[in-house]
1. Could you check the simple spin-label distance between Gln376 and Leu212, using points 7 Å along Cα→Cβ, in nm with one decimal?
2. Between Gln438 and Tyr307, take the C-beta separation as r, use R0 = 35 Å, and let me know the FRET efficiency to the nearest 0.05.
3. Between Ser246 and Leu406, what length in nm is gained on full extension when 0.36 nm per residue of separation is reduced by their alpha carbon distance?
4. For a protection proxy built on the mean count of beta-carbon atoms within 10 angstrom, sort 332-345, 387-400 highest first, please.
5. Which residues in the range 26-50 place their backbone N less than 20 Å from a point set 7 Å from the Cα of Ser125 along the Cα-to-Cβ direction?
6. Can you figure out the FRET efficiency of Ser233 with Val288, using R₀ = 45 Å and their beta-carbon distance, to the nearest 0.05?
7. Take every Cα pair under 8 Å in the range 319-454 that's 6+ residues apart, average their separations, divide by the length, and report that relative contact order as a whole percent.
8. How much net charge surrounds Ser79 when only other residues with a Cβ under 9 Å from its Cβ are counted (Lys, Arg +1; Asp, Glu -1)?
Amino acid sequence: MSFEELLEQVGGFGPFQLRNVALLALPRVLLPLHFLLPIFLDAVPAHRCALPGAPANFSHQDAWLEAYIPREPDGTLSSCLRFAYPQALPNTTLGEERQSRGELEDEPATVPCSQGWEYDHSEFSSTTATESQWDLVCEQKGLNRAASTFFFAGVLVGAVAFGYLSDRELILHDPFAGLGGGVCCWWPTWVPESARWLLTQGHVKEAHRYLLHCARLNGRPVCEDSLSQEAVSKVAAEERVVRRPSYLDLFRTPRLRHISLCCVVVWFGVNFSYYGLSLDVSGLGLNVYQTQLLFGAVELPFKLLVYLSVRHAGRRLTQAGTLLGTALALGTRLLVSSDMKSWSTVLAVMGKGFSEAAFTTVYLFTSELYPTVLRQTGMGLTALVGRLGGSLAPLAALLDGVWLSLPKLVYGGIALLAAGTALLLPETRQAQLPETIQDVERKSAPTSLQEEEMPMKQVQN
């Protein structure tokens, strides 16, 4: 008896599995809040050099700032520079300093802010950038961007480390229970261990108990002979003789190697462009809260679009199309002038929608490309590379120091590369999922989409 046959006896995918899916899904609602925290924690409000001797009468504050702060080409006051000497202005009195040699030069000398910065606190009272002991702006802005990178790097390391620990039966809730930390760990206790994992680890009694519990919740009467502990022990013996897959298995055979390399590029592009769009909320004419409201609202209709598209257009075209839409939205924003903020906002929201659709599609598409024996391994590798893309996305924003539009060009270019790579993958719509590596290698390179979609066994969309 195989494990799949054992699952059929206890009701297959029934109320027991639905309950577990719900328990596992609810905590994931909190994950986006953490992943988007850098937008608020690392926000950089408007700022300028702190100046000594601010006038008591602020009726002439604008003129006073003109004397000390140069203007950027777009007409705004500089955020990172001040005049080396106060500049004389018509109809203003700035004291004897205005007679300095600075006003006699054709191009007044400017210097970096030496006495700190003054920040606009109308939107944020405090962020990592505005803390007086840090002042992560101007020359130090790279450190502020790096904070987001460190966060995503931590996610990457945590995913690898805790995935390994969970697979090695290392329980981490007990030390906290004695210290009052048990409250933090109540949720996982509601979710049972995987019966298959228990069998592979030799925990037959515990697996048997969970299977009986599953059958009861699914309303499936189970014969004691068919689901006896001896029968479960035989399944456990079969499961344990199967060789544990490794990441190297993803690259041992030609077709599987092709799939893995393409998926790595697609996952990197999806994550890189998604977080690049999500973390860049500047130049839209809206505050950060309004922007996030729009970005969140657009996700639902685009998820519905994915649901329809993967059923009718297929996984491959949906993946490539959503990435292409992301790239086009980013590219078109480069052509919109800074005065057309409404159009820039529309394009940013459309780009966010397409990138969210690409993110949704890549999970489904990748899981159907890998055989059952390597599915979790393949998903683990591609998700790992995806986290790497998310980690590098904040750093790409520093390219605006070279050219203001270069970050958007990079985000769009990577999305376009991923879209082209997605077209190199085989279509999986209406095809039986491969079970073994041989199933993947047996399918020769198709000469047309129609030949490629001829399945070994037809299944539902």
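1. So the label points at Gln376 and Leu212 sit 2.5 nm apart.
2. The formula returns an efficiency of 0.65 here.
3. On the way: separation 160, 0.36 × 160 = 57.60 nm, distance 3.87 nm.
Stretched out fully, the Ser246 to Leu406 stretch lengthens by 53.7 nm.
4. Answer by packing, highest mean first, reads 387-400, 332-345.
5. 37-47, by backbone N distance to the label point.
6. Working: r = 58 Å, r/R0 = 1.29.
The formula returns an efficiency of 0.20 here.
7. Details: 121 pairs, mean separation 49.8, N = 136.
This gives 37 percent for the range 319-454.
8. Result for the neighbourhood of Ser79: 0.
The values are calculated or read from the model by the stated rules, or taken from the named source; none is laboratory data. The structure displayed is predicted, hence computed values, not measured ones. Methodologically, a virtual Cβ is constructed for each residue, glycine included, from the backbone with ideal geometry; neighbour enumeration extends over all protein chains shown. Protein only, heavy atoms only, side chains kept; ligands, DNA and RNA dropped before computing areas. Shrake-Rupley method; radii C 1.70, N 1.55, O 1.52, S 1.80 Å.
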